[in-house]
Protein chains: 2
Amino acid sequence: MTERSDLAELAKRRGFFFPANEAYGGTAGLYTYGPEGAALKRNIEAVWRDQFVRAAGHMEVESPTVVPEAVFEASGHLETFDDMIVECAECGATHRADHLVENAVPDVDDAEAFAPRRIADLVADHDMACPSCGASLAGRPVDEFNLMFGTNIGPGSSSPGYLRPETAQGIFVEFPRLKEYAHNQLPFGVAQIGRAYRNEIAPRRALVRVREFTQAELEHFVDPEFDEPPIAPVADVELPLYGAEAQRADAGGTETYTVREALDAGVVGSDWVAYYLAESLAFYERIGIDMERFRYRQHLPGELSHYAADTWDAETELGGDWIEVTGFAYRSDYDLRKHGEYAEAEYTVFRQYDEPKTVERATVDPDMSYLGPTFGDAAADVGEALESLAARDRSAFDGDAVTVAVGEDSYTLPVEKTGFAVEERTESGEHVTPHVVEPSFGVGRLVYSVLVHRHGTDEVDGEERTSLALPAEVAPTTVAVFPLMTKDGLDDRAGEVAAALRAAGLAVSYDDTGNIGRRYRRQDEVGTPYCVTVDYDTLEDDTVTVRERDSTDQTRVAIDDLPGAIDRLVGGATLAEL
Amino acid sequence: MTERSDLAELAKRRGFFFPANEAYGGTAGLYTYGPEGAALKRNIEAVWRDQFVRAAGHMEVESPTVVPEAVFEASGHLETFDDMIVECAECGATHRADHLVENAVPDVDDAEAFAPRRIADLVADHDMACPSCGASLAGRPVDEFNLMFGTNIGPGSSSPGYLRPETAQGIFVEFPRLKEYAHNQLPFGVAQIGRAYRNEIAPRRALVRVREFTQAELEHFVDPEFDEPPIAPVADVELPLYGAEAQRADAGGTETYTVREALDAGVVGSDWVAYYLAESLAFYERIGIDMERFRYRQHLPGELSHYAADTWDAETELGGDWIEVTGFAYRSDYDLRKHGEYAEAEYTVFRQYDEPKTVERATVDPDMSYLGPTFGDAAADVGEALESLAARDRSAFDGDAVTVAVGEDSYTLPVEKTGFAVEERTESGEHVTPHVVEPSFGVGRLVYSVLVHRHGTDEVDGEERTSLALPAEVAPTTVAVFPLMTKDGLDDRAGEVAAALRAAGLAVSYDDTGNIGRRYRRQDEVGTPYCVTVDYDTLEDDTVTVRERDSTDQTRVAIDDLPGAIDRLVGGATLAEL
C-alpha cells in the first residue's frame, strides 16, 4: 500500500487515528486515537506491560507530566533539548534551520551537530529562501528553540514548569524513594507508560513526529561492577544488526548475528543492551511488526546523547524509510549522578561488602585558633583545602610544613597546626551510583508501524478485499457478532450471543447494518480476527457460523461452546481444530 | 485511622503515592503513584472500563492533553474557568480571596458566587490579613485567575494552548467524526480515561485537590425526545440520596429511595441521571468503597454549572468530610451547540422520520436590483432579515409592504420585491443536536477513598496488625510467594512457584527478606489477599501453604493446582472450598 494517503484515509474512516481539532482548523502534531486506534494502542501497551513489567517482576509508577524547572536544570534538558530555527522576516513562518541546510547543501547530512552561527552562515552563503513565501533568509538569525512546552505552576510566573520530554525523569528524580521499595538491592527495574511532549517546529508524517506522544520506558538500575544480564538463555537469539561499521561501509546492510557472536565480535558493546535487543524481539513479533521490515541500528558516534555509551535503535521500514520505534541506551550513571549533584537526596545504593573491610583514612582537624588570625577571611577555605589534600595525597603532610592552594593563592602552614592523622576504620560497604539501562519504546510509532505492516489487499470471491492482519491479542475487537437479518428473532438471538461473549471478558462488537458481505469487509478493515453469524439454522440447532479473517474459512460452532472456542482460536488453534 | 497522617505515611512508605519531586523541595498539588498505587489505580481504571465501556458496548478514545485556545473559547473555559485571588503586597503570596471571606465573615458560605469587586470590599471591610505574613490585605485588588495551565504550541506565542481541564472536550470537539463511527445513530456513548489539569491556587489534602489528575468520563449522546434509559431493570435499586431539599432542611440527611420512588417523587429530575446513579453503585462496591460512607448529593441551584439541568455528586466520607468522587450531569445540548456555533462542522445527528413528512416552508428570493440601489450598504442585511422573518412569521408578508429591523434601523419595502413564496417540501428527517449525559469519575479521589475506607487495624496473635482489605480484583498484588528460608533449595522452589503463577497471568510478588511474620505484615499493609509459603513439607509432598489476608486462615494446596486455586479464591471461593 502507499503508506501515507491510503492509511491516513483508512485510519480516519475506520477510527484508528485522525488529526485533532479539525473542526477548528486542526493543530499540527496533535492526533486523537479513535475507538479502534485507542483499543489497539491499549492492547499493545498491555503486551508491553505483561512482558517488561509483570513477567520480569519490575515495578511500574505514574509520575506527573507537569514538572518544575529545577528537574530539567539537572537533567540537562533546559540547556540542550533544542532545535535550531530561523524565522522569515517577510511572512513570519519558522523553519528548522538545520533541515534547510541539509536539503540545500550537498554532502551535509548532520547539520544538527553544527553551531547556530555556522548554520546562519550556510543559509546566507547558499542564499536560501523561505519555503513558505520564497523571501530570502540570508542574514536572518538562527536561534535555538527549546522543545519543551513551558507553563507556570500556580499563579504568576515565579514557578516555571515544563511538560516532560520523556517519562524517564519522573523515575530518576524519585530514585531515593524507589530504591527503598526495592529493599535497597540492585538490580531492579522501574517502568512507566505515559504521555511525553516535544514542541516540534515541523511535525510531520502522521504519528511519527508529533508534539504529544506515549512512551513506554523501562529504567533498569544495575550495579556497574557486579550485575550481569542472563546472557546464556538468549545467547543463540539472532539479531538483525545494522552496526556503525556497516553504516560507514559503502555497501553495508543488515547482518544477522547471534547475541553471543555480536558480543564476541564487539559489534554490540554492552551486554545489557545486547540482552534487551534479544528480549525485545519477541515483543515486536507478538504485537504484529513484520520482522522482514525490522532492524537494530547502532548510533554513530556523532548521534550519541551526551550521557550514552552505546545506543541502538529498533527501526521499522515504512514506505522505504526507516523509523526509530525504540531506543536502547546504556545511560551509565549520568542521570542519577546529575540529580545527586542538584537535589537534596542520595542517588546511590549502599553496596555491602562480603566481609567488612579495614581501611586507612587520612584526616585533618585544623587548629582554627592559629588559622583564624593567620589567614583571616581565607581560614575556612584553607581548612577545606587541607581536608581534601589529606584525602588525595597524604604524603604532602610528611614534612614539617604543608602548602595548599585556594583559588589562585597558596598558603603554607606547619603540619602540627593541621591536626593531620591517619586513622583505621572498619567499613561494611560503600555507596554506589547505579548505572541505567534503558529500553524506551515509542508507542504511537509502534501502533503506526503495525498498521502499515499488517495492512494489505487480496482477492476474495473475485473482489478485492482490504484487510488488517492484526494478531488476535492486539486486535481492537476479538469477535464481531452479526444477525443474518434483523427479523424473525435473529437479531435478539445475536444480541444474546454478543452479551454472552462480552460476559466472558472478550472484546465484542455487534453489527446489523448492511448485507453480511459488507459487514465482513468492515471487520476485515479493522482487523477483527473472528466473526460470528446468527442465521436461520441457529434457531434450529443452536449453532453459529464462525469465520476467520485471514483464510475466510468458516465452520459451525455450538453456542454453548462459543466463548471457549474463541479463546482457543485466540490461543492459536485453527478452525479445523475446534 | 486518622486519615491524613497515618495514611500519608503508609502511602509513602509502602509506595502508594507521595508528593512528586521532594528531592527538589516538592511541588504542591503534584503526586507520583508508586508501584503499589499505580497498580491499584490501573486496576480501578480496568474495572471502570470493563463496566462503562466494554460491557456497555461504548467507544473509548484518547485525545491530546494540549488543546488550542479556540476550543476553550467555545466551551466557555477561557471565560469562566477561574478562581478569585488576592496577592499580598508585603510577601507576594497569593490566596483564594473567596475562601478568606468565607473563613472571616459569618454566614457567608458561597463567596465563590460573588463578584470580585464585592469580595474586595469584604476583604477591606473586615480588615483581613495575609495568612502567610500577617500584613493587611485591605485595598488589594481581587483578580480572576484562570485555572487552565497555559502554554504555546510551536515557536513563538501566536498559537496559545492549554492543558485540558477535563477529558470531555476532546470528545465533544470530535463529535462530527465520532457520530460516523456510531453509524449516525443515537444513542451512543464515548468514554475517555486520561489526565486533566487544574492550576489550583491552593492544592490540598493529598490526592483530593491536585493540579494534575486522572478522569474517567463517559459522554452518553442521546436523542432528547426519543431515547430513554432502561429504567425497568434498575427500578428497585436503592439509592442513598441527599437531595437539595434535605440539604436545606435543618435536620436533613441521607434518605434511601428506590430508583422508581426517586423519579416518581421528583427527587431525581432526569431519568438518565437516575439510571447512572443506579448503575454506578455496583462499580463503587466492586472497587472497595465502604457503602456505609457513601452518598449521592444533589447540587443546589447556586452550584449548578451554566450548562447543567440536574447534577448529582457521588461523595465518600473521609475523616468526617464528604468528598466528591463523581459528578453525574445532564449537560443538555450545551456543549455540542457551542461547538456547532464556533467550529466549521455539524454537531448534529440526522433523525429519520418514520414516514417522510410534507412541510410548508416560507422562503424569500429578494430582488437585489431593487434592494441594492434602495438600501445601499444595508441591502445584504435586509435580505437576511427578510429570510429569517419569513421563517419566523410568514403573516408579516400578508400585506403589500413588509418592514424588517436591522440593528436599530428598520426598512420597509414592497412584498413583491421580496420574492416571498410558500413551498411544499417533502422531508425525510431533521437535524437534532443530541443531549449529553455525563458520569465523570475522579480516579485519584477514588483511589484515595478506597485506601482510607479499606485501611484498618485488628489483633493477630496478640499483636496489632495494620491491613488494607482491598477486593482481590483491585489489589496491586494478587498473591505473594515466600520461601520459609533462603536455603536448602526452598528459595529456588519458591522462585519456580512464583514464575508459574506469573505465567498464569497473576500479579505476583516474591519476598525472601525478614521472618515470615514480618513478610505477612508487609503484604497485609499493601492489601495482598493471598500469600503462599514454600516450606520443608513442600520438598516432600509438593504442597504449599496458602494464607488468606482477612481471616489469616491457612490451608495446604498442591502446587499443580495452585494457579487454579488462586483463580477460584479471587472469584469468591473460601479457603475451605478449595
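The values are calculated or read from the model by the stated rules, or taken from the named source; none is laboratory data. Remember, it's a predicted structure, so these values are computed and weren't measured experimentally. In this analysis, Cβ positions are derived from the backbone assuming ideal geometry, glycine residues included, and neighbour counts consider all displayed protein chains. Just so you know, the surface numbers come from the protein's heavy atoms only, side chains and all, with ligands and any DNA or RNA stripped out. Shrake-Rupley method; radii C 1.70, N 1.55, O 1.52, S 1.80 Å.
In nanometres and ascending order, the distances from the A:Val460 label point to those of the other copies are 5.5 (point 7 Å from Cα along Cα→Cβ). By the Cβ distance rule (another cysteine Cβ under 4.7 Å), the unpaired cysteines of the protein assembly as shown are A:Cys531, B:Cys531.
Arrange the residues B:Ser132, B:Ser551 by how much accessible surface each exposes, largest first, with a 1.4 angstrom probe.
On the way: B:Ser132 75, B:Ser551 45 Å².
Per-residue accessible area, sorted high to low, gives B:Ser132, B:Ser551.
Checking the cross-link filter: which aspartates and glutamates have an alpha carbon closer than 15 Å to that of B:Lys487, excluding same-chain neighbours under 8 positions apart? Answer for B:Lys487, where 15 Å is the Cα cut-off: B:Glu496, B:Asp511, B:Asp512, B:Asp535, B:Asp537, listed by chain and number. Nearest beta carbon of chain A to the A-to-B rotation axis, with distance in whole angstrom: A:Thr151, 2. Membrane-span-like helices of chain A, defined as complete DSSP H segments with a Cα extent of 18 Å or more along the helix axis and a mean Kyte hydropathy of at least 0.5, are absent.
Could you work out [θ]222 nm for chain B from helices alone, using -39500 (n - 2.57) per DSSP H run of at least four and dividing by all its residues? Round to the nearest 500 deg cm²/dmol. Present the calculation step by step, with values, prior to reporting the outcome.
Details: 19 runs with 179 residues, N = 578.
Mean residue ellipticity, 222 nm, calculated: -9000 deg cm²/dmol.
Under 1.5 on a/c is rounded, so check that first for chain B, then, if it is not, pick prolate when a/b is larger than b/c and oblate when it is not; a ≥ b ≥ c are the square roots of the alpha carbon gyration tensor eigenvalues. Write down the numbers at each step before the final one.
Details: a/c = 2.51, a/b = 1.77, b/c = 1.42.
Prolate, since a/c reaches 1.5 and a/b exceeds b/c.
Heavy atoms of chains A and B lose about 5900 Å² of accessible surface on contact, summed over both sides with a 1.4 Å probe. DSSP loop (so not H, G, I, E, B), at most 16 other Cβ within 10 Å: list which GluC sites (Glu not before Pro) in the stretch B:267-352 pass both filters. Within the stretch B:267-352, the qualifying GluC sites (Glu not before Pro) (loop, at most 16 other Cβ atoms within 10 Å) are B:Glu344, B:Glu346.
Taking amide H as placed 1.01 Å from N in the peptide plane, A:Ala93 has its amide H under 5 Å from the amide H of A:Cys88, each at least 5 places away in sequence or on another chain.
If I compute solvent accessible area with a 1.4 Å probe over the protein chains, what percent of it on the stretch B:82-146 is carbon and sulfur? Could the numbers behind the result be given before it?
On the way: 1460 of 3520 Å².
Percent of accessible area from carbon and sulfur atoms in the stretch B:82-146: 41.
Restrict the search to the stretch B:453-527; then list the trypsin sites (Lys or Arg not before Pro) that DSSP places in a loop and that have at most 12 other Cβ atoms within 10 Å of their Cβ. Listed in order of number, the matching sites are B:Lys487.
Can you bin the stretch A:143-199 into rounded, prolate or oblate? Criterion: square roots of the alpha carbon gyration tensor eigenvalues sorted a ≥ b ≥ c, rounded for a/c under 1.5, prolate for a/b above b/c, oblate for the rest. In terms of gyration-tensor shape, prolate.
Assuming a ≥ b ≥ c are the square roots of the Cα gyration tensor eigenvalues, decide whether the stretch B:82-146 counts as rounded (a/c under 1.5), prolate (otherwise, with a/b larger than b/c) or oblate. Oblate shape, in that a/c is at least 1.5 and b/c is the bigger or equal ratio. For the protein assembly as shown, the solvent-accessible area with a 1.4 angstrom probe is 43 square angstrom per residue. Report the accessible area of B:His99, computed with a 1.4 Å probe over the heavy atoms of all protein chains in place, in Å² rounded to the nearest 10. Its accessible surface works out to 70 Å², give or take rounding. Comparing the full protein assembly with the isolated chain, the residues of the stretch A:178-225 losing at least 20 square angstrom of accessible surface (1.4 Å probe) are A:Tyr181, A:His183, A:Arg195, A:Tyr197, A:Asn199, A:Arg211, A:Glu212. With its label point defined 7 Å out from Cα along the Cα-to-Cβ axis, A:Asp290 lies at 5.9 nm from the matching points of the other copies, in increasing order. Take every DSSP beta bridge whose two residues both sit in the stretch B:451-512; close to 65 percent of them are antiparallel. Taking Cα centroids, how far is the stretch B:264-340 from the stretch B:226-263 in Å? Distance between centres, Cα-based: 11 Å. Output the antiparallel fraction of DSSP beta bridges having both residues in the protein assembly as shown, as a percent to the nearest 5. If I count the DSSP bridges inside the protein assembly as shown, around 90 percent turn out antiparallel.
Applied to the stretch B:424-437, the Karplus parametrisation 6.51 cos²θ - 1.76 cosθ + 1.60 on θ = phi - 60° returns per-residue 3J(HN,Hα) values of 9, 9, 9, 10, 8, x, 9, 8, 10, 8, x, 8, 10, 10 Hz, with x for Gly and Pro. Give me the net charge for the shell around A:Val474: Cβ to Cβ below 12 angstrom, other residues only, Lys and Arg +1, Asp and Glu -1. Neighbourhood net charge equals -1.
In what order, largest first, do B:Phe420, A:Phe294 sit by accessible area if the probe radius is 1.4 Å? List each step's numbers first, then the result.
Working: B:Phe420 60, A:Phe294 10 Å².
So, going from the largest accessible area down, we get B:Phe420, A:Phe294.
Remark: label point of A:Gly319 defined 7 Å out from Cα along the Cα-Cβ vector; separations to the same position in other copies 5.5 nm, ascending. Among the protein heavy atoms of the stretch A:477-577, carbon and sulfur supply 46% of the accessible surface, probe 1.4 Å, non-protein parts ignored.
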